[in-house]
Each structure stands twice: as C-alpha cells, then as structure tokens.
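Presented below is the structure to which this report refers.
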C-alpha cells in the first residue's frame with residue numbers, strides 16, 4: 001500500500017487516475033506538491049476563507065490540502081479532474097471539509113477574480129506554460145501571491161526567463177527533495193496579440209489546422225501522423241468510427257477527406273480525448289475545413305472509452321500515449337486497447353500507430369483474435385487488430 005500524502009498533521013490517500021491495477025503504487029503526487037503545501041503552512045499563509053487558484057494539480061494533492069479555503073482548480077486534463085474527484089470522495093472522512101469549497105475549471109474556462117494565492121505546478125508543455133502565464137498576467141496583479149513548483153531538474157534558466165517575461169520579477173527557492181519553488185510578482189502585463197491558438201496549413205491539402213496550446217504538433221504535421229495518414233482504413237457506408245486520443249483531430253479529418261464520397265450522410269465519427277484543448281481544436285478543425293460533415297461528428301472528452309456502449313463501433317483509430325505528465329507508463333495505452341476490444345463490434349478493427357520499441361503487437365495479440373502489421377519504417381509501426 002502506498003504511503004499517504006501528509007500535510008499539517010493530516011493525511012491524504014491519493015491514487016493516480018485511471019487507476020493502474022498493475023502498478024498501484026505509482027505515486028499520485030511529487031516532492032513539488034509537498035514543498036508547495038509545506039511552504040504555505042510553515043509561513044502561515046493558509047488562513048480560512050482565502051481564495052486559492054491552483055493550476056495543473058495532477059490528482060488533488062494541492063486542491064485537497066487546502067481544506068479551509070475556497071479553491072479553484074484549473075486543468076486541461078479530464079482524467080486528472082476525474083482523479084481529483086475520486087480522491088476527494090475517498091478522503092472525505094479523513095480531512096476537515098467544513099469550510100472547503102472546490103470548483104473545477106478546464107483550461108478554456110474564464111478565470112475567477114479576486115484571488116489571494118495562485119499555486120502553479122509547472123507543466124511539461126512549454127506552450128501551455130506560456131499560455132497560462134499570459135492569462136494569469138492579464139487577470140491578476142501583485143496583490144496576488146504567486147508560487148510555482150516543479151522538480152528541480154525541470155526548472156531551467158529558460159523556464160525562469162519565461163516567468164520574468166510574462167509575469168514579472170522572479171526568484172527561486174533552495175531545492176528540497178529535488179524540488180524547487182518559483183516566486184513571481186505579477187505586473188499585469190497584457191499582450192496585444194494572443195499567442196494561442198496557433199494555425200498552420202496541412203500539407204497536400206487546402207486545410208488550415210488550429211491548435212490550442214496544450215496540443216501536440218502545434219506548427220506542422222508530426223512524423224507519426226504523416227505516416228498514419230498514408231495507411232488509414234477504407235470505410236463502409238454507415239460505419240461508426242472513433243478517433244481515440246484525437247489531439248487536434250487531423251487523423252479523423254484526413255479520413256473524412258480521403259473518403260468523402262463514402263461517408264457523406266452515412267457514417268458517424270467520434271473525436272475523443274482527455275485534453276479539453278485537444279477536443280476544442282478538433283471541433284474547430286472540422287468546423288473550419290469540412291463544415292458539411294460537422295453534423296456527423298461528435299466531440300467529447302473522456303477517460304479513454306469509459307461509458308461507451310459495448311459492441312457499438314466499427315473502426316477505432318488510435319495513437320496511444322506512453323507517458324502521463326512526467327511519468328513513463330503504458331497503462332493508458334493498455335486501457336485504450338482493452339476498451340477498444342469491448343466497444344468494437346464483432347469483426348470491428350482497431351488500427352494504431354506506435355513507436356517500434358513499444359511492442360504493441362504483442363500486447364494486442366493477448367486481447368484480439370487477429371493482429372496484423374500493416375506498415376513500418378525506422379521509427380513507427382502501424383498495426384490493425386480485429387475483434
């Protein structure tokens with residue numbers, strides 16, 4: 001059993017989400033979470049009733065440690081928010097919640113006003129970091145205490161320069177347990193032109209792709225997607241297709257464009273991702289590039305294929321992740337594979353692309369009755385598996 005997250009004589013029992021049954025001890029918080037909460041407690045900065053804004057709280061370590069405050073938690077991850085709610089339920093009897101108020105916000109929601117403290121977990125994505133800092137600068141000033149945290153090895157000189165550029169004067173703490181804090185004075189700098197979303201032309205088409213900050217391949221088609229687009233399945237009329245982990249939707253968009261005469265008024269395509277920004281990007285890209293097919297497309301954020309009906313899809317396309325935030329893990333990919341097997345109809349196809357070294361062919365063969373290698377190059381493999 002994993003050890004609890006301990007703060008101010010309280011204990012939180014936190015789980016990562018989705019729960020990895022094969023590795024249940026993978027920790028749901030890090031040393032930066034501990035450093036941030038300990039700093040607030042040691043400096044008597046957690047008075048009752050304060051309004052605290054938290055960014056990028058992975059699974060609730062920060063949000064659930066502020067037990068006497070009004071907390072707003074901003075995340076681009078639907079899965080992280082599901083984990084936070086799960087951990088809130090598990091720990092409801094462990095912590096004093098009488099004065100605790102928690103509001104979950106996604107990365108595209110309007111930020112609350114009159115915030116006393118901002119706790120900021122530095123994200124892996126530089127673009128998301130910049131986008132969030134510009135929003136903070138536009139909405140708050142130096143009346144709001146701003147404290148960021150991350151592993152020391154992830155706070156570079158270039159990272160601190162971004163805090164200086166977009167917020168104001170910035171200092172750092174000493175390292176504790178290989179974590180470090182960043183303190184910035186917010187000088188309310190407002191950019192005249194928003195940096196995000198970005199747009200770029202999709203090669204060999206007339207399409208223009210829109211990308212919000214936390215979406216992969218923000219300026220051009222990435223190598224994996226380029227290879228995958230060359231090996232998409234041929235659809236039949238009335239097929240129900242799912243673009244799982246859709247990102248900016250370029251795979252589903254390309255599938256529709258390649259087979260427009262087949263899919264017109266006859267099929268359904270679901271774009272699913274756990275990133276709010278990804279789903280918004282995919283929706284914009286269909287609306288802007290194939291507006292006549294928008295009615296046949298559905299856009300939703302989800303924990304993989306949770307709550308999707310059994311035996312309901314004909315084709316699932318997927319580029320599985322092999323990390324979650326900074327943690328390298330294949331349990332999300334495994335969840336995508338098992339979920340796809342459940343959701344596909346008999347005879348339905350899962351088609352994936354992955355890095356060669358990840359061994360997805362062997363994993364799929366333990367679930368699906370027939371697995372075939374479609375194409376490969378020096379970096380990627382494309383595999384189809386049939387139920």
Residue 77 fails exactly one of (1) surrounded by 18 or more Cβ atoms within 10 Å (Cβ to Cβ); (2) under 26 Å from the mean Cα position of the chain (by Cα); (3) free of Cβ contacts under 8 Å to residues at least 60 places away in the same chain, namely (3)
* Asked: Somewhere in the range 84-100, is a residue in contact with a helix residue (DSSP H, G or I) (Cβ under 6 Å, 6 or more places away or on another chain), assigned to a helix (DSSP H, G or I) and touching a residue at least 40 places away in the same chain (Cβ under 8 Å)?
  -> no
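Yes/no matrix, rows are residues, columns are (1) under 22 Å from residue 303 (Cα atoms); (2) in contact with a strand residue (DSSP E or B) (Cβ under 8 Å, 6 or more places away or on another chain):
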residue: 219; (1), (2): no, yes
residue: 222; (1), (2): no, no
residue: 239; (1), (2): no, yes
residue: 246; (1), (2): yes, yes
residue: 251; (1), (2): yes, yes
residue: 256; (1), (2): no, yes
Condition set surrounded by 12 or more Cβ atoms within 10 Å (Cβ to Cβ) and out of contact with any helix residue (DSSP H, G or I) (no Cβ under 8 Å at 6 or more places or on another chain), scope the range 199-222, selection farthest from residue 77 (Cα to Cα): answer is 201
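For the condition assigned by TED's automatic domain parsing to the domain that holds residue 337, surrounded by fewer than 17 Cβ atoms within 10 Å (Cβ to Cβ) and closer than 30 Å to residue 130 by Cα, what is the one hit in 309, 287?
Matching residue, one of 309, 287: 287.
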| field | Hey, residue 174 part of a loop (DSSP other than H, G, I, E, B), free of Cβ contacts under 8 Å to residues at least 24 places away in the same chain and touching a strand residue (DSSP E or B) at 6+ places or on another chain (Cβ under 8 Å) or not | value | yes
Residue 304 fails exactly one of (1) modelled with pLDDT of 95 or more; (2) touching a helix residue (DSSP H, G or I) at 6+ places or on another chain (Cβ under 6 Å); (3) on the phi > 0 side of the Ramachandran plot, namely (1)
Those residues of the range 119-159 which are over 27 Å from residue 217 (Cβ atoms), out of contact with any helix residue (DSSP H, G or I) (no Cβ under 6 Å at 6 or more places or on another chain) and outside any loop (DSSP other than H, G, I, E, B) amount to 139, 145, 146, 147, 152
Filter the range 178-196 for residues that are modelled with pLDDT of 95 or more, in contact with a helix residue (DSSP H, G or I) (Cβ under 7 Å, 6 or more places away or on another chain) and not in a strand (DSSP E or B); the one that is farthest from residue 107 (Cα to Cα) is 178
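Determine if the range 59-73 includes at least one residue that is at positive phi, modelled with pLDDT of 85 or more, within 19 Å of the chain's Cα centre (by Cα) and not in a strand (DSSP E or B).
Yes, because at least one residue in the range 59-73 is at positive phi, modelled with pLDDT of 85 or more, within 19 Å of the chain's Cα centre (by Cα) and not in a strand (DSSP E or B).
The values are calculated or read from the model by the stated rules, or taken from the named source; none is laboratory data. Here the structure is a predicted model, which is why all the values come from computation and not from measurement. Using ideal geometry, Cβ is built from the backbone for each residue, glycine included, and neighbour counts are taken over all protein chains shown.
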